[in-house]
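Read the figures in this text as sums done on the coordinates, not as results from a lab. From a predicted model like this one, the values you see are computed outputs, not experimental measurements. Reconstructed Cβ throughout: ideal geometry from the backbone, glycine too, with neighbour counts over all protein chains shown.
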Amino acid sequence: MSVLVNKDSKIIVQGFTGSEGTFHAQQMIEYGSNVVGGVTPGKGGQSHLDKPVFNTVRDAVEQTGANVSIIFVPPAFAADAIMEAADAGIEVVITITEGIPVKDMMHAKEYIKSRNVTLVGPNCPGVITPGEAKVGIMPGFVFKSGRIGIVSKSGTLTYEAADQIVKAGLGISTAIGIGGDPIIGTSTKQAVELLMNDPETDAIVMIGEIGGNYEAEAARWIKAQGNPKPVVGFIAGQTAPPGRRMGHAGAIIGGKDDTAEAKMKIMNACGVHVVESPADIGEKMVAALKA
């Protein structure tokens, strides 16, 4: 039992024959992920990376039994690609595309509510269950299999946390990069909940950043559950000035609760083991597991 993706996941790539789709699909295949084909409208019937290409997601699902999709479609068309995947019966849609118009994402998020689909992203590094499936753009070699889950808004900090955990002699059950856009499919709380309910995850690293209230919402939920598993938390952007967007589109301090300091205070009060530097994640996790 792993979270969202595993060795049995049948993965298709939307935007398969484009340069980004090609590069990362190749990496996923080399990692051992079960990529069963891809979708590029107008190129159905062709073969790419020794996998079949389909005109539509529905064709791909009918012919391969695909249940996971990863999207490398340009921003103007990415929301349509999300809705098409949901319509076709894909269970997990992982959207890598950055810069999807907010209005498009609001529409897509509302549209997929009535369908049995989990959306991760957009503007995310993907999801990895080490040794089983990498559905995303993360460097697979950093992740070693184990029992620590990772939930992160930041791609690079996902890899840093994984590296810290591995160097501390532990490993990763599943890492979920939720994405840094203002409108995303899976929130920090929802991702934490998935890992809390996973019997193969013993503890969680939760990485957030300034802007929004995802981390505070997750921390309060963790406390309300009675802190069932240790959680180590880090918030990026501790020196960010108010009112200026930092890196991610969602990373902007709008109110007093959006600052790193405020979030860290709430997390501490809720029993999360907060670190001030990502360099301390591994050490803090070892200590939290012994506590």
(Q) Please give me the summed charge of the neighbours of residue 84: other residues whose Cβ is under 14 Å from its Cβ, Lys and Arg +1, Asp and Glu -1. (A) -3
**Q.** Relative contact order computed over the chain (Cα-Cα under 8 Å; 6+ residues apart), in percent
**A.** 14
Q. Which residue, 241, 52, 125, tops the fluctuation ranking in a GNM of the chain built on C-alpha contacts under 10 Å?
A. 241
Q | Residues 220, 244 arranged by fewest to most Cβ contacts within 10 Å | A | 244, 220
Q) Where the centre of each part is set by its Cα atoms, how far does the range 231-249 sit from the range 128-155, in angstrom? A) 22
Q) If the limit is 22 Å between Cα atoms, which of 189/290; 109/263; 144/284; 153/189; 189/263 go over it? A) 189/290; 109/263
Q | Evaluated at q = 0.07, 0.13, 0.14 Å⁻¹: base-10 log I(q)/I(0), Debye formula over Cα of the chain | A | -0.24, -0.83, -0.96
Q) Can you run phi through the Karplus equation (6.51, -1.76, 1.60; θ = phi - 60°) for the range 239-249 and list ³J(HN,Hα) in whole Hz, with x for Gly and Pro? A) 10, 6, x, x, x, 10, 6, 10, x, 6, 4
Q) Once amide H atoms are built 1.01 Å from N in the peptide plane, which residues 5 or more positions from residue 10, or in another chain, come under 5 Å H to H? A) 67, 68
Q | Top of 19, 173, 154 by mean-square fluctuation, Gaussian network on the chain, Cα under 10 Å | A | 19
Q | Choice from 22, 259, 188 showing the highest fluctuation, given a GNM over the chain with Cα pairs closer than 10 Å | A | 22
Q. Extent of the range 138-290 along each principal axis, from alpha carbon coordinates, in Å, largest to smallest?
A. 40, 34, 28
**Q.** Net charge dipole size for the chain [Lys, Arg +1 and Asp, Glu -1 on Cβ; Debye, nearest 20]
**A.** 420
Q | Amide proton proximity set for residue 94, modelled H, under 5 Å, gap of 5+ | A | 69, 70, 71, 120
Q.
Skipping prolines and chain starts, which residues have an amide H placed within reach, meaning under 5 Å, of the one on residue 39, given they are 5 or more residues away or on another chain?
A. 13, 14, 15, 16, 54
**Q.** Environment charge of residue 211, counting only residues whose C-beta is closer than 11 Å and scoring Lys/Arg +1, Asp/Glu -1
**A.** -1
Q: Among 128, 107, 73, flag the residue with its Cα farthest along the positive direction of the charge dipole of the range 65-168, charges on Cβ as +1 for Lys/Arg and -1 for Asp/Glu.
A: 128
